[in-house]
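One structure below.
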Amino acid sequence: MKSPGAVNLIEKLAEERTRDIGSLCVSREGRRVRLPLAGVKIEARVADRVAEVAVRQTFHNPFAEHLEAVYIFPLGGGSAVSAFEMKVGSRTIQGVVKERGQARQDYQKALQDGKRAALLEQERDDVFTVQVGNLPPGEEVSVSITYSERLPFFEDGTTELRLPLVIGERYIPGQPLDRDPVGDGTAPDTDQVPDASRITPPRLAPGFDPKVALGIEVDLAGGALADLACSQHAVKLASGRIVLTRQDEALNRDFVLRWRLAGDRVRSTFLVTKDGCGMLSIVPPKRDGFLGLARDVVFVLDRSGSMGGVKMTSAARACSILLATLGPRDKFSIVAFDDSTEWHGRGFVRADEACIAAGDRFLRTIDARGGTELDPAFHETFEAIRARQETTGRMPVVVLITDGQVGNESAILKRLQQQIGDARVFTVGIDTAVNEAFLKRLAGAGGGTCTCCIPGEALEEALRSVGREIGAPMVTDLRIDGVDNVAPARMPDLFAGRATTVFFVTKDRSVRVRGRLSDGGAFDETVKADEIELPAIAHLWARARVADLEDRFRLGEDVRQQIIDLAVKHTLLTRFTAFVIVDESEIVNKNGGGRKVVQPVEMPDRWEMQKREAEATKCMPMACAMPAPAEEDTMLDLEISQDTAGAGGGIFGQIADKLRGSGGKKFKTAPRFAKAPPPAPKPKQDEGFAGDDKSVPKAEREAVAKAIDALAKALAAARKAVDSGVVPVPEPLEKARQALLAALAASDLGTRLADLQKFLRSTLVELIAALATATVASVRPVLEKAEKEYRTATHKPNFWEATI
Amino acid sequence: MNAADNLSLDDLSNGVQKMLADSGLLEAQGDGRVAAAPDARTIRYYTTLGLLDRPKIVEREARYGKRHVLQLVAIKALQATGLPLAEVQSRLYGCSNPELEALLTSVSEARRRRPVDVRPVTWREVTLEPGLKIVVQEGWSPRTSPAALEERMRAVLGALSNGGAK
């Protein structure tokens, strides 16, 4: 319709024209978008392959009432967020790290008190939520988030910086939960992803320009650039910095920068701060003609709906490239999964020409369709590895090829930790906005490596090194002499061509690293320290420690408090802590009330939404095919004025009237951002009560809760007695124990509270028996053990604990 | 719970469908874009766009209420005026109930006032010489190509300036 020279003249006219209600006028440029996020500015400085990144988000309030803005956004995977501040006018207010529940409370209280406040929470390794509340009409504030990240690098000196800009749409398995959602996203929380509503931001419809100003500046210290490639964005050099060429880039794909510094010699390095925080990067030795163990490789290929289009063909191609790198001693198998699995052939086949050709044929038939049920697919994979006939001298390897867009990362990680055996897991991420943090964690826990590539990109190039790496570490059993608190606790193995990094605390100024070479020889290297003033190292060390602790937490160890202590000490954002800012200087919203708006975000670039029908049939909101938007040549604009509110007329007026009439006051008021989000005093059984399962009749729940209460009192009385030097009498405890057992026996809850049952039938019995004979000194440890177990057995976890 | 606040997805779809049919909206647009009633898939899609609030979950089922009805009617009403979805989202996103009601009211007033067949118009700009442009409505003379048009106008212009000289 548009030909060169054609102009939509109406657009120009519109500016001069009075905007009558419902009159015909057109506008596009210049019209204010009623969304809270005005701009995102990212400044990164990279030195010694550590990136320090500051992300500034500017929020404004285009509404007539106070605004609470919510933005769900990504940060680089595994990054250590160490500062959060808010700028109001010329003032800057620093955020503090607190235990997450406390931080959330402080934030809510500040809002109720009418103060400006901001909250930053971490949902996943790479998913964060920022909330800025009580923003007065017309006002603009900005928040800054500072994080550091250790960048991956390779033996040729290539380093990669990835700045994610949007969260992909994640597959949410499970049944929806009968409770209020814990977040502001669009998916309901489910039993498998209890915080789904925190990782599913609303999406912009195709063609909606949210007018978010994006700026990225990268400063690479340390010399002239030899190679520079930015795979998804146009960049240019401006006064020594790398900046975006275009002013109007959408936040719909990762910013990925790769470079090599001229004259940069790649060697193992050891940087240490004054207070003894060390960062050691080890580069594998160069060895040619290296031949590892024979491998049994399972390729696990994601064929879920989100992989549709060029991503699917790229993933299949990637699999085919890796398949071709196998040698004649190797065996392989391929499984493609969505909500079900499809195996290529039966068991493992030799990687000879005929079998590889058959595998290629299978790969070509794969199309994208259903949900991303990775957990059961992993289960089958590990079972297949366990069922192998011939295992001596053969290394089992899993290669996962996916976009990683799932919401139940925790369950999958746990499965891997429990079932991996001696297998190694490698991950290959394919997406424009990949869930890299999760794929890195999987590979880390699986003793392998993670490689991400852009769909359609030169895959051969990107995967060149992966084929060499798969299943064949060059150095294993690495250890460092004379250092403490090494993180990651299990040192990663060294793979050909790729450096690995560990953090620790040391007094020494040189370290000796030893390990075992793949051919049986010894690896022994001493690295001298360079002292450096880089606070990021301490943060990265603390972050790596937290990641270790999270791995233990997932397997059931109660290291909650250790994580919180570490995070508070190092001002670190974790799943258990949050940053909160309260602007104490003024009350800006005395009367309370206002509007809550969640910033809608772009769909990742090159996602094909049409393929998602299979997912749409499940009980979850999923994007699906929509009729194409109308041609955008001209648009009618019906300006709506507040003045006409309620002036009924015409059929819609009647509908509105009808709705208003029957809806009453409750319906008329703006929803959600309540004046005082009622933290109504919860019924007692909700507080820390593990048996809060709504599917059980209320009477049964209350009976159990009452009995638990009585037991808690008896335990408290026993504690009081011990503290005052008296051996407590056993009768009240025994009575409470019997009562609780009876309450549990009378309800379905009995079968669901396994921990509590165990506690009642063993530890508590021990305690009661001990009371009959013992002294205070001998009772104390038994009581303490019982108290601890009681807390665990009746603890109702916060939603964030289920997602570690 | 009030029945109107406890609609299943099907109830919502059927209810809004009926409302739209009663209002004559479904016939209003000949291009088939809004004629389709909002089915379950579309409703879920609107939820991912934040155009519809999340439903309440009761016994593992999504339950919708009056605000959802209002939101859905508003979406369809705007689409019926020829707006693409992105534009609909930019208007409705974050709207309170009174705003949605006001919007419905003004859409319906506009519908009453406007002749039935209002279509967007595109104008073509033709530069004849520096400082002189004319505008032509697209489709004014379908058989005239831009080049031919330019030539004819130049001829007219020439004739005019010749006339002036005389």
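The values are calculated or read from the model by the stated rules, or taken from the named source; none is laboratory data. Owing to the predicted nature of the structure, the values given are computational and were not obtained by experimental measurement. Virtual Cβ from ideal backbone geometry, glycine too; neighbours counted across all protein chains shown.
Within the span defined as region A:215-229, every residue fails to be modelled with pLDDT of 95 or more, under 21 Å from A:T432 (Cα atoms) and in contact with a Pro (Cβ under 9 Å, 6 or more places away or on another chain). With respect to A:P210, is the statement that it is free of Cβ contacts under 8 Å to residues at least 60 places away in the same chain, surrounded by fewer than 23 Cβ atoms within 10 Å (Cβ to Cβ) and within 14 Å of chain B (Cβ to nearest Cβ) true? Against the criterion (free of Cβ contacts under 8 Å to residues at least 60 places away in the same chain, surrounded by fewer than 23 Cβ atoms within 10 Å (Cβ to Cβ) and within 14 Å of chain B (Cβ to nearest Cβ)), A:P210 does not qualify.
Considered as a group, the residues in region A:387-439 that are of a type outside the set (A, V, I, L, M, F, W, C), closer than 17 Å to A:F299 by Cβ and not in a loop (DSSP other than H, G, I, E, B) include one that is farthest from the chain's Cα centre (by Cα), and that residue is A:R394.
The single residue among A:Y171, A:Y147 that is among the hydroxyl-bearing types (S, T, Y) and in contact with a Leu (Cβ under 7 Å, 6 or more places away or on another chain) turns out to be A:Y147. A:Q175 fulfils the conditions (1) more than 30 Å from A:R498 (Cβ to Cβ); (2) surrounded by 20 or more Cβ atoms within 10 Å (Cβ to Cβ); (3) not hydroxyl-bearing (S, T, Y) except for a single criterion, (2).
Here the condition is being outside any strand (DSSP E or B) and touching a residue at least 12 places away in the same chain (Cβ under 8 Å); of A:A83, A:A64, A:A69, it holds for A:A64 alone. Within region B:58-98, if we keep just the residues that are at pLDDT below 90 and in contact with a Lys or Arg (Cβ under 7 Å, 6 or more places away or on another chain), the residue that is farthest from the other protein chains (Cβ to nearest Cβ) turns out to be B:Q79.
Checking the condition touching a Pro at 6+ places or on another chain (Cβ under 6 Å) and closer than 20 Å to A:D48 by Cβ, which residue from A:T500, A:T526, A:T506 passes?
Just a single option satisfies the conditions, and that option is A:T500.
Within region B:15-25, being more than 10 Å from chain A (Cβ to nearest Cβ) and either touching a Ser or Thr at 6+ places or on another chain (Cβ under 7 Å) or exposed (fewer than 14 other Cβ atoms within 10 Å of the Cβ) (or both) holds for B:K18, B:A21.
Is it the case that region A:363-380 has a residue that's touching a strand residue (DSSP E or B) at 6+ places or on another chain (Cβ under 7 Å), of a type outside the set (A, V, I, L, M) and within 22 Å of A:S465 (Cα to Cα)? Within region A:363-380, not a single residue is touching a strand residue (DSSP E or B) at 6+ places or on another chain (Cβ under 7 Å), of a type outside the set (A, V, I, L, M) and within 22 Å of A:S465 (Cα to Cα).
Candidates B:V126, B:V118, B:V107: the one that is at pLDDT below 75 and either surrounded by 14 or more Cβ atoms within 10 Å (Cβ to Cβ) or over 25 Å from B:A80 (Cβ atoms) (or both) is B:V126. Annotation note: of A:A103, A:A51, the sole residue that is in a helix (DSSP H, G or I), away from every other protein chain (no Cβ under 14 Å) and surrounded by 17 or more Cβ atoms within 10 Å (Cβ to Cβ) is A:A103. Filtering region A:447-502 to residues that are closer than 26 Å to A:L257 by Cβ and of a type in the set (K, R) leaves A:R464, A:R468, A:R498. Against the criterion of being in contact with a helix residue (DSSP H, G or I) (Cβ under 8 Å, 6 or more places away or on another chain), within 15 Å of A:Q122 (Cα to Cα) and at pLDDT 95 or above, A:A578 qualifies. For region A:248-285, taking the residues that are over 24 Å from A:L75 (Cα atoms) and among the basic types (K, R), the one that is surrounded by the most Cβ atoms within 10 Å (Cβ to Cβ) is identified as A:R267.
Conditions tested, residue by residue: (1) touching a residue at least 60 places away in the same chain (Cβ under 8 Å); (2) assigned by TED's automatic domain parsing to the domain that holds A:F576; (3) closer than 22 Å to A:G592 by Cβ; (4) surrounded by fewer than 23 Cβ atoms within 10 Å (Cβ to Cβ).
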| position | (1), (2), (3), (4) |
| --- | --- |
| A:F59 | yes, yes, yes, no |
| A:P74 | yes, yes, no, no |
| A:I93 | yes, yes, yes, yes |
| A:V96 | yes, yes, no, yes |
| A:R116 | yes, yes, yes, no |
| A:I145 | yes, yes, no, no |
| A:E149 | yes, yes, no, no |
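Conditions tested, residue by residue: (1) surrounded by 15 or more Cβ atoms within 10 Å (Cβ to Cβ); (2) part of a loop (DSSP other than H, G, I, E, B); (3) within 34 Å of the chain's Cα centre (by Cα).
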{"site": "A:D477", "(1), (2), (3)": "no, no, yes"}
{"site": "A:A489", "(1), (2), (3)": "no, yes, yes"}
{"site": "A:V502", "(1), (2), (3)": "yes, no, yes"}
{"site": "A:D519", "(1), (2), (3)": "no, yes, no"}
{"site": "A:F523", "(1), (2), (3)": "yes, no, no"}
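Among the candidates A:I282, A:I242, the residue that is more than 27 Å from the chain's Cα centre (by Cα), of a type in the set (V, I, T) and either at pLDDT below 90 or in the same structural domain as A:F495 (by TED's automatic domain parsing) (or both) is uniquely A:I282. Listed conditions (1) closer than 25 Å to B:S108 by Cα; (2) of a type in the set (D, E, K, R); (3) within 7 Å of chain A (Cβ to nearest Cβ) are all met by B:R41, apart from (1).
Every test in (1) touching a helix residue (DSSP H, G or I) at 6+ places or on another chain (Cβ under 6 Å); (2) on the phi > 0 side of the Ramachandran plot is passed by A:A445 save one, and that test is (2).
Can you tell me which residue among A:V568, A:V511 is at pLDDT 90 or above, in a helix (DSSP H, G or I) and either outside the structural domain of A:N61 (by TED's automatic domain parsing) or under 21 Å from the mean Cα position of the chain (by Cα) (or both)? After ruling out the rest, the residue left standing is A:V568. If you go through region A:417-436 and keep only what is farther than 16 Å from A:E169 by Cβ, buried (at least 22 other Cβ atoms within 10 Å of the Cβ) and out of contact with any Pro (no Cβ under 8 Å at 6 or more places or on another chain), you end up with A:V425, A:F426, A:T427, A:V428.
The criterion of at least 3 residues that are among the hydrophobic types (A, V, I, L, M, F, W, C) and buried (at least 18 other Cβ atoms within 10 Å of the Cβ) is met, among strands (runs of 3 or more DSSP E) falling completely within region A:286-368, by A:294-302, A:331-337. Of the residues making up region A:225-247, those that are exposed (fewer than 13 other Cβ atoms within 10 Å of the Cβ), in a loop (DSSP other than H, G, I, E, B) and either of a type outside the set (S, T, Y) or at negative phi (or both) are A:A234, A:G240, A:T245, A:R246, A:Q247. Checking each residue in region A:135-182 for being part of a loop (DSSP other than H, G, I, E, B), away from chain B (no Cβ under 14 Å) and polar (S, T, N, Q) picks out only A:T158.
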